[in-house]
Amino acid sequence: MFSRLIGGSKMLLGLHKPRRSLKIWPDDIFLVSFPKSGNTWTRFLIANLVFPDAPVGFKNIHKLVPDPYGTSKRDMERMARPRIIKSHECFEPRYPRVMYIVRDPRDVVISQYHYHRKCKKIEDGYPMEKFVDRFVAGDTCPHGSWGENVGTWLTARHNDPRFLLLKYEDMVADTQRELGRVAAFVGIKADSERIAKAVERSSADRMRKLERAQADECGLTKDSRKDLSFVRAAKSGSWQKDLSEPLVAKIEDAWPQLMVFLGYKLVTRGTAGQPAEFSSLVSSGV
Amino acid sequence: MIYGLKRVIKYVLGTDIAGRNLAVFPDDTFIVSYPRSGNTWTRFLVANLVYPNQAVTFANIEQLIPDSEAMSSRYVKRIPRPRIIKSHQYFDPRYGKIIYIVRDPRDVALSYYDFARKYRQIENDYPLTSFASDFVAGRLSSSDWGTWGENVASWLYTRGSQPQFLLLRYEDMLRDTEAELGKISRLLGMEATPERLRTAIERSSAERMRRLEADQGDQWVSTKNKRSDIPFVRTASSGLWKEKLPASSALEIESAWGPLMRELGYSLTTNRGEYGTAVESPELVKEHR
């Protein structure tokens, strides 16, 4: 009762985080992903694209591309519309339009491992094997497992005009092109110069510098270890050297079809789990 | 400056509807379904099975198996654990043990039409064909729970193959209630004798529920202040859509969710479902089973 009184006074002023009670407007656009899939980078890309004159950084990102778990209700309601809102939720039928970022789960697990160290949820030297087991069971974050999060969105919205699927790996390979798709989806007329500028201002180097300068002013990094950075490698495919084969197999065994469907080639399941074009490459000896 | 004072007061008092903000405990069991799929009947069956020494009625069902979509967060929080909770939510990763009831969407649409009139959500003479289109397109007041296809697929895809998830078809429950209730009792970890199952089934019969509704309709949160000329407990049958639902509406439903319907064993009147778009990847749904 007492905690509800404190919560109630915060609510009265609109200072609480709306979380699942977020009031959704019909013109809202959501930027959704499983955690550690490039969501923050994409938030920066979008903020720099939509607000080319704002000094986009860690201390104000929650007011530009807000997070219902990190931005107050008052700030959420005072924003210019249409809002572009960050989220990690599994499928939400109430979201009118969604950009969904997906990333190779073998990379996601490594990134999440380091994030948990940074947030002091696990200690240095925590066995990776144990972490992978928890990851596969959906026990490393409150947003379902990787497969549940990705799969609920794809089964409900794939090929729907209200849904834009972005692959982190494509974004790393050709940021300019992928941000162009985002601009078109969001309805911003952006020439290639404006897009290039947003890409440049959201580079990993620049984000690392901003993180060092503003870590204490941002909810994402405030209470975490400062010797580990939030902005990490900004690369794809590091699982190939950082994840042992048995652990790769655990992940591939958990979601084989979903991974193949998304074009993440399986390496531990022989030819059985491979997409058609890949197995034909193998048989022709290439 | 003042943001929704009424809502704030409700929050402080804990009288806000639990809904998606329900506080979930690890030992909870959920009875989940899209609306109008046999959830209330299942609640009665389960309540009569678990509490054989108590007369289960509309006046006390909320104390036995509370409805998280109708009761306050404080109310549901105070139910003794382990709780069995009714829900219409789409996939929620926090739910552990789940009984999911699915029903032929063509019958769901028909039942929902009567329900929407009972609740005065639509006029009495609103065309059934328009209602069916609203149902498919997600324009009903319940669309916050997703469309039928979204709700069903979100659970089947994620939990369909897991031992803590029991998928029941309403049609099977009608055909062989004892066998299906037996599955529920096993999920709940009960050793229920055939007599106990049969008693629970008798006490949850459509006739008995209709009598209870007639007596207690104004005492139950879900029927209070609603039109009393349209009953909440309807025909308790399956396949009524074949005579009552216009062919064009059946077709509309089939072309929206054909692959998913076939996956669940609901035969289609046409092959139109082949090209259904709402669930593009039935093979993904299959993966977890």
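Tabulated results
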item: Flag for B:Ser204 being over 30 Å from A:Val150 (Cβ atoms), more than 14 Å from chain A (Cβ to nearest Cβ) and in contact with a helix residue (DSSP H, G or I) (Cβ under 6 Å, 6 or more places away or on another chain); result: yes
item: Positions within the stretch A:134-149 being part of a helix (DSSP H, G or I) and farther than 13 Å from A:Lys36 by Cα, in sequence order; result: A:Arg134, A:Val136, A:Gly147, A:Glu148
item: Unmet requirement for B:Pro163, which otherwise passes all of (1) closer than 25 Å to A:Cys90 by Cα; (2) not in a loop (DSSP other than H, G, I, E, B); result: (2)
item: Every pair of residues 6+ apart whose Cβ atoms lie under 7 Å, when the first sits in the stretch B:228-249 and is at positive phi while the second is surrounded by fewer than 19 Cβ atoms within 10 Å (Cβ to Cβ); result: B:Ala236/B:Ala206
item: Residues of the stretch B:129-153 classified as assigned to a helix (DSSP H, G or I), in contact with a helix residue (DSSP H, G or I) (Cβ under 9 Å, 6 or more places away or on another chain), modelled with pLDDT of 95 or more and among the polar types (S, T, N, Q), total; result: 3
item: Residue list for the stretch B:203-221, filter: touching a residue at least 24 places away in the same chain (Cβ under 8 Å), in a loop (DSSP other than H, G, I, E, B) and surrounded by fewer than 18 Cβ atoms within 10 Å (Cβ to Cβ); result: B:Val221
item: Sole exception among (1) under 17 Å from the mean Cα position of the chain (by Cα); (2) over 20 Å from A:Gly237 (Cα atoms); (3) more than 9 Å from chain B (Cβ to nearest Cβ); (4) not polar (S, T, N, Q) for A:Ala173, by number; result: (2)
item: Number of positions in the stretch A:150-168 that are crowded, with 22+ Cβ neighbours inside 10 Å, more than 8 Å from chain B (Cβ to nearest Cβ) and not in a strand (DSSP E or B); result: 4
item: Single unsatisfied condition, A:Glu123 versus (1) within 14 Å of chain B (Cβ to nearest Cβ); (2) part of a loop (DSSP other than H, G, I, E, B); result: (1)
item: Residue ID - farthest from the other protein chains (Cβ to nearest Cβ), chosen from residues in the stretch A:57-94 that are of a type in the set (Gly, Ala, Ser) and touching a residue at least 60 places away in the same chain (Cβ under 8 Å); result: A:Gly57
item: Residue that is farthest from the other protein chains (Cβ to nearest Cβ), among those in the stretch B:153-197 that are crowded, with 17+ Cβ neighbours inside 10 Å, aliphatic (A, V, I, L, M) and more than 18 Å from B:Thr29 (Cα to Cα); result: B:Leu197
item: Matching residues in the stretch B:176-202 - criterion: being touching a residue at least 12 places away in the same chain (Cβ under 8 Å) and not in a helix (DSSP H, G or I); result: B:Leu188, B:Met190, B:Ala192
item: Options A:Tyr113, A:Tyr95: the member that is outside any loop (DSSP other than H, G, I, E, B) and buried (at least 18 other Cβ atoms within 10 Å of the Cβ); result: A:Tyr113
item: Single residue of the stretch B:85-140 satisfying the filter (within 29 Å of B:Ile65 (Cβ to Cβ) and polar (S, T, N, Q)) that is surrounded by the most Cβ atoms within 10 Å (Cβ to Cβ); result: B:Ser87
item: Some residue of the stretch A:216-237 being in a helix (DSSP H, G or I) and crowded, with 18+ Cβ neighbours inside 10 Å; result: no
item: Any chance A:Val65 is of a type in the set (Val, Ile, Thr), closer than 16 Å to A:Cys141 by Cα, at pLDDT 95 or above and surrounded by 22 or more Cβ atoms within 10 Å (Cβ to Cβ); result: no
item: Of all residues in the stretch A:1-56 being of a type in the set (Lys, Arg) and within 30 Å of A:Ile110 (Cα to Cα), the one that is farthest from the other protein chains (Cβ to nearest Cβ); result: A:Arg43
item: The one condition in (1) in a helix (DSSP H, G or I); (2) under 19 Å from B:Ser237 (Cα atoms) that B:Leu168 fails to fulfil; result: (1)
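The values are calculated or read from the model by the stated rules, or taken from the named source; none is laboratory data. All values derive from a computational prediction rather than experimental measurement. A quick note on method: Cβ atoms are made from the backbone with ideal geometry, for glycine too, and the neighbour counts reach across all protein chains shown.
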